[in-house]
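Worksheet: one structure, shown below.
The values are calculated or read from the model by the stated rules, or taken from the named source; none is laboratory data. What you see is a predicted model; the values in this text were computed from it and never measured. Here the Cβ positions follow ideal geometry from the backbone for every residue, glycine too, while neighbour counts run over all protein chains shown. SASA here: full protein model, heavy atoms, side chains in, ligands and nucleic acids out. Shrake-Rupley method; radii C 1.70, N 1.55, O 1.52, S 1.80 Å.
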Amino acid sequence: MELESALKIVDKAEESIKDRFKEIDKVCECNQYKVLKAMQDNRLALRHFSESTGYAYGDEGREVCERIYADVFRAEVCLVRPQIVSGTHAISLMLQGVLRPNDTLLSITGNPYDTILATIGVNNLGEDLGSLMDFGIKYDKVDLKDDGNVDFEKVREKIDESVKAVFIQRSSGYKDTKALTIKKIEEAVQFIKGIREDIIVMVDNCYGEFIEKKEPLEVGADLIAGSLIKNPGGGLVSTGGYIAGDEENMKKVAARLSSPSIAFEVGPNLGVIRSYTQGLFMAPKVVSGAIKGAVLTAKVFENLGYNVFPKVEDKRSDIIQAVELGSEEKIKAYCLGIQKACAVDCFVEPYPWDMPGYDDKVIMAAGNFIEGSSIELSADAPIREPYIVYQQGGLTYEHSKIGTAMALKEIMELEGENG
Ligand SMILES: *Cc1c(COP(=O)(O)O)cnc(C)c1O
């Protein structure tokens, strides 16, 4: 099959979702203005891009960059640094910074993302490595209901005097449930603060940045954390994470990142300020392209009779698109198509392997400029029923579209062979 034929099918699907794209453009415009204004208000200047080294006391570039991120997230304070190595690190710091012995952490979106389980100590992971449980911090969770909503009744039952913080994961994080929209986060925050005002609400904001016009702190959350090699770095950032929130809690987080005596005051920028600010500047557009790509994938495969989630018309809260392909062969074909569409490593053939920390074999397609960056076009799937592939990213909408067409081509060729 020619790529032309696959592209024709994709073009046709694209034609029918133009109205959906207009809504996405509106959110992009709003967020573009938000980041621009933050840069102007903080008088970002060329001199801020110079590298600092060593302790970097009073590093102006770092301080301006952090104020810009704080303004964009509507936070009092934001830590944005290359010393935070990933989203997992950022989320861990948020938890470790604020929780104390005998406190309880209650997650109301089920268990957090896989890599956070050891930070908490779920299933004895992270034991003796300084998990929260090692320090006598307790953990409990309430799963999302089948319809993807927070189970408020159970949450009320679980909130007692020991609950210091509630944890919310905004993205679906590869579970089959829907992600939490800002509106749902707002409802959850109001419900929790209605029970006890002093409960700290923390949000794992990974994959959620710039999907909507508002971010979680604007609807009452206290702390958010995320990765710069996902949405907010706009594909230009080579490493880093952020945590944002109120001054009192952020001071504790900063003390955990460095140490209590130096908290925010030390941390060389290592020359990242240009990419951190330019990436943030590009992020609304990059994210909107990735969402359009996800919606397009949903439409293409829905038209062909596949089960997809979220659906085309669903309100989105992350950039992940799941397609239920139904067989291992199709998963491999899909991932091969995505890999062939990458600018880097297009000649590599992805295959399923036993990834540490996962029960099933996992296949991953990614040819990235930045290793592991999932704001770039990528796809992955655990090899288990019902054989769902998860696609995300694309630094441009057009790249994401080509990726979908190339994945479709591989799938159709496979179907052709099978008659
Ligand atoms: C990616 C992700 C993380 C972890 O971020 P890393 O940068 O991969 O460490 C945590 N939570 C969610 C929902 C994520 O998507």
Does PHE264 fit the bill of being open to solvent by 10 Å² or more (accessible area, probe 1.4 Å) and either part of a loop (DSSP other than H, G, I, E, B) or on the phi < 0 side of the Ramachandran plot (or both)? yes
Condition first: on the phi > 0 side of the Ramachandran plot and open to solvent by less than 50 Å² (accessible area, probe 1.4 Å). Now tell me which residues in region 145-192 satisfy that. GLY148, GLY173
Within region 198-259, considering only strands (runs of 3 or more DSSP E) that don't extend past its boundaries, which have at least 1 residues that are open to solvent by 10 Å² or more (accessible area, probe 1.4 Å)? 200-204
Return only the number of the condition from (1) within 15 Å of the ligand (Cβ to nearest atom); (2) free of Cβ contacts under 8 Å to residues at least 40 places away in the same chain; (3) over 22 Å from ASP314 (Cα atoms) that LYS193 does not satisfy. (1)
Within region 309-334, track down each residue that is crowded, with 20+ Cβ neighbours inside 10 Å, of a type in the set (A, V, I, L, M, F, W, C) and assigned to a strand (DSSP E or B). ALA322, VAL323
Test: residue in region 145-157 that is basic (Lys, Arg) and in a strand (DSSP E or B): no
Given the condition open to solvent by 10 Å² or more (accessible area, probe 1.4 Å), closer than 30 Å to ILE182 by Cα, among the charged types (D, E, K, R) and free of Cβ contacts under 8 Å to residues at least 24 places away in the same chain, answer yes or no: does some residue in region 367-374 qualify? yes
Taking region 210-222 and keeping only residues that are within 14 Å of the ligand (Cβ to nearest atom) and of a type outside the set (Val, Ile, Thr), one is left with PRO216
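So that you can scan it fast, the table gives a plain yes or no per residue for (1) closer than 14 Å to ALA70 by Cα; (2) under 11 Å from the mean Cα position of the chain (by Cα):
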| site | (1), (2) |
| --- | --- |
| ILE192 | no, no |
| CYS206 | no, yes |
| GLU209 | yes, yes |
| LEU217 | yes, no |
| ALA225 | yes, yes |
| GLY245 | yes, no |
| MET250 | yes, no |
The lone condition GLU60 fails out of (1) surrounded by 21 or more Cβ atoms within 10 Å (Cβ to Cβ); (2) away from the ligand (no atom under 16 Å from the Cβ) is (1)
Evaluate region 147-157: report whether one residue or more is over 24 Å from GLY245 (Cα atoms) and within 16 Å of the ligand (Cβ to nearest atom). yes
Selection from region 289-324 of residues that are within 16 Å of the ligand (Cβ to nearest atom) and basic (Lys, Arg): ARG316
Taking the residues in region 335-363 that are modelled with pLDDT under 95 and among the aliphatic types (A, V, I, L, M) as candidates, determine which candidate is surrounded by the most Cβ atoms within 10 Å (Cβ to Cβ). VAL362
Scan region 375-384 for residues that are over 25 Å from LEU228 (Cβ atoms), outside any loop (DSSP other than H, G, I, E, B) and either among the β-branched types (Val, Ile, Thr) or open to solvent by 10 Å² or more (accessible area, probe 1.4 Å) (or both) and report the count. 1
